[in-house]
Each structure stands twice: as structure tokens, then as C-alpha cells.
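Quick notes on the structure that follows.
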Amino acid sequence: MHDARISNALASTDSRLSRRSFVAACVTGLAALAVAGAASGLRGGVARASEQGDTITIEALGADEKPLEVEVPYDPQRIAILDFAAFDIIGTLGLADRVVGCASTTVDYLNDYLGGRTDVAALGTIKEADLEATMGCEPDIIFIGGRLAKSYDDLAEIAPVVLLTTDEEIGLVESVRKNATTIASIFGLEDQIADKMAGFDAEIEKIKAIGDEHTAIIGMVTSGSFNALANDGRLSLIVNECGFTNVAVGTDLIQESGGHGGSAGSASADGSAKSEGHGHGAASSAADSSSADGSSSTLPSGSTNPHGEEASFETIVSLDPDYIFVMDRDAAIGTEGAQYARDVMDNELVNSTRAYADGHIVYLEHPAVWYTVEGGITALEVMIEDLNAGLGIE
């Protein structure tokens, strides 16, 4: 894998109308360009992009997260970032110097892309964009993720919006390859993607050699509880590409159809079961409403809970998986005063499992990457390295 990069990685409408007027002026000639530029007050970088006048049509997603053809500037000079997977890819392509505004993040390697620059506007979070700040940094293009689909139309009044997400039907690795190629094509750099994705398939095969022979529960610890996850969301890499059989799926906890369970209860930090009934769970819902990561607690029909189903530790014992994979959500989003995953999982019930006895409880060492950057190229490297470390793969 790309060891050097891994080590570095881990250490409203008025403005839009003026821009359209400016673009039209570019077509009519240099004199009109000068007049329009003065009237609009656009910065030099935007003027150069408009003067170039080239566009490219890509396939992304719309406000309803369905496929949509989007016309964007070719080789844009001013980039606004409101999605960390896209930021990861843009940084990997060496384009971070074009970022003029970015959502706040605690992921070190994403901040490293900016090299301590003080001229990058703070655009809010990947859940709640600061529209005024986004407009103020005058981007040529805006990248967002599914958490901001609700703000798509507002942001599109400022600049063309590129919304990309991972696709469970093709898997995480192919989603990264597809999305990275889409983003790279905007800058004429698509030929770089094959090289940057090299080695991933071989690394996955090493993990799959173990996964094909073993069962697992995949989940996250949040608000003192363990939430088991299905195969269609976070941590899906572990089952869909790496081959582990998720024993929680097909039980009352997580139904095969993708619906929610409702009979296994939830797990408290001391190992005792909370009140019966899953749904989203009060603790999980409360965390959703206040979390910085922005995942919605409102689920479309037929989808599994993106935060999982609260599972009692008795349930974990009864399912008796070979492996337990744990992501610490509270650590990922910096929840103050939270009891972290290793403490929550260190109880008599979990310690009675075969997975514990065999040393097969795998704590994902970079939860913020798994939780907020999934879909990036460097993020995929980090995730594979976390699995290799947890599974003892050299």
C-alpha cells in the first residue's frame, strides 16, 4: 500500500445572478468583461475561471440523492468543501491549494492538506453549511455529501454543486474508484486514479481470506451503548468486501429485509439490558439531534438505521460471533465526557464471549476516518490499515 502517504495522513440569489451576468459578459468581449467584473466584484480566481469558459458535464446526485447530470466548470480554481470524502480525494490529487472554504474537521490529515493556511473560510459543518460564508468565499464549485442534500438547492444558487455518496450496491472500494474518477475528471486528472487506487484489491483479498471463514458483529459504541450495524451502511466494507458474515442480520435485531428489529433491548455501559424495544433508541436519537457529523435520524422506507440497532450485551453473547468489530462514535465526533468504546465493552458479558477469549475484538483505531471520511482514497487506506492491525495481517 501507499505507506508514505498513510504515515503523513495519520501524523442568496443576488450573488448568483451577478455571476451569470459576468459569465455572459465574458462571451461578448474583453471590454464587456471589464465592466461586468467591476460591477460584480468577483475575485481574480473566479474571473480567470469564467474567462476560460469551459465546462464539463458529470453524473452526480441531486437534492433527492438520485442520479443527475450536472454541468460544472472545467478545472475550477476556487473550491468550497462541505464533504470530507471529496476533500480527501481533492487533497490526494494535489488540489488543496484551490480550497477557498471548508467545513470544520478534526481529522489531522485533512487539516494537513491546508498546510496551516489562514485564508480558508470556515463554512460550518458537513451537516449545517454556513450559506453566507459559502457565498462570501465565491467558489466556482461546491462539493457536498448526503448529509447536506437538504441544502442542495440553496447551495446551487451560489455555485454548481457536486453531491456524491458511496453506493452499497457496488461496494465501498468501487464507490471510491467511481467517485474519485468523477472528481478527477473535473480537473482533467482522471488518468491518475488507477495509480492511486492500485493495491487496494490485493489488500482486500488478504483480509477476505480471513473473513470468508468467520462470522462477526459490526457495530459502534455511542452514548454508552453498543449498536449493531447492518450490511448497507457504515462498516459495510468488513462484510461486503472483506467477507465476514454478519450474524446480527436475519435476527430480530436486524431483519433481512432491511427493516429494524425491536425485541432485543439495548446495552448499558455496565452490561445490563435497558428497556425493551429498539427503534432508534432514545440515547441514539438524542445523539443524532446534537451531533456534528450530521447523520439524519429520519430513515427512508426500507433502509436500516445508519446508527445501528441498540444491542444488549446478552444478545452479543447469544449470537456468539468469531469477531466483534467496534467503532467508537463518541471518539469520532469528539463527544465531551463520553465513556469511550474500550471502557463500554470491558464488562463481564463481553469478556465471556469466544471473540474476547480469542483476542478477536477489533477496535477501529481511527474512528473519525471511518465515520466522517468514508469514501476517500486515503480514508480507504486508513480503514484497511486498521483492519490489518486488528486482524494481525502484516
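Taking θ as phi - 60° and the Karplus parameters 6.51, -1.76 and 1.60, the scalar couplings of segment 158-165 work out to 8, 6, x, 10, 10, 10, 10, 9 Hz in sequence order, x denoting glycine and proline. Taking label positions 7 Å along the Cα-Cβ direction at both Glu71 and Thr57, the computed distance is 0.9 nm, reported to one decimal. Measuring against 30 Å, Cα to Cα, the residue pairs Lys178/Lys206; Lys150/Lys208; Lys66/Lys206 contain Lys150/Lys208; Lys66/Lys206 as the ones spanning a longer distance.
The phi torsions of segment 56-67, fed into the Karplus equation with coefficients 6.51, -1.76 and 1.60 and a -60° offset, translate into couplings of 9, 9, 10, 9, 10, 10, x, 4, 8, 6, 9, x Hz, rounded to whole numbers, with Gly and Pro shown as x. Relative protection proxy for 230-237, 90-97, 332-339, from highest mean packing down: 230-237, 90-97, 332-339 (other beta-carbon atoms within 10 angstrom).
Between the amide H of Gly62 and those of Leu68, distances stay under 5 Å, these residues lying 5 or more places away or on another chain, with hydrogens modeled in the peptide plane. Under a 5 Å amide H cut-off, with hydrogens placed 1.01 Å from N, Gly124 pairs with Ser104, Asp130 among residues at least 5 apart or on other chains. Cut-off 18 Å, label point 7 angstrom out along Cα-to-Cβ of Val317: give me the residues of segment 190-225 whose amide nitrogen falls inside. Only 217, 225 pass the distance filter. Taking label points 7 Å from Cα along the Cα-to-Cβ direction, Ser352 and Lys178 give a separation of 4.5 nm. In terms of packing, defined here as the mean over residues of other Cβ atoms within 10 angstrom, the peptides 126-136, 192-202 line up highest first as 126-136, 192-202. Distance from the Cα centroid of segment 186-216 to that of segment 94-142 is 28 Å (rounded to whole angstrom). Amide H to amide H, with H built 1.01 Å from N, Val373 comes under 5 Å of no residue 5 or more places away or on another chain.
Where a number appears in this text, it was derived from the coordinates with a stated rule and is not lab data. These numbers come from a predicted model, not from an experiment. Cβ atoms come from the backbone with ideal geometry, glycine included; neighbour counts cover every protein chain shown.
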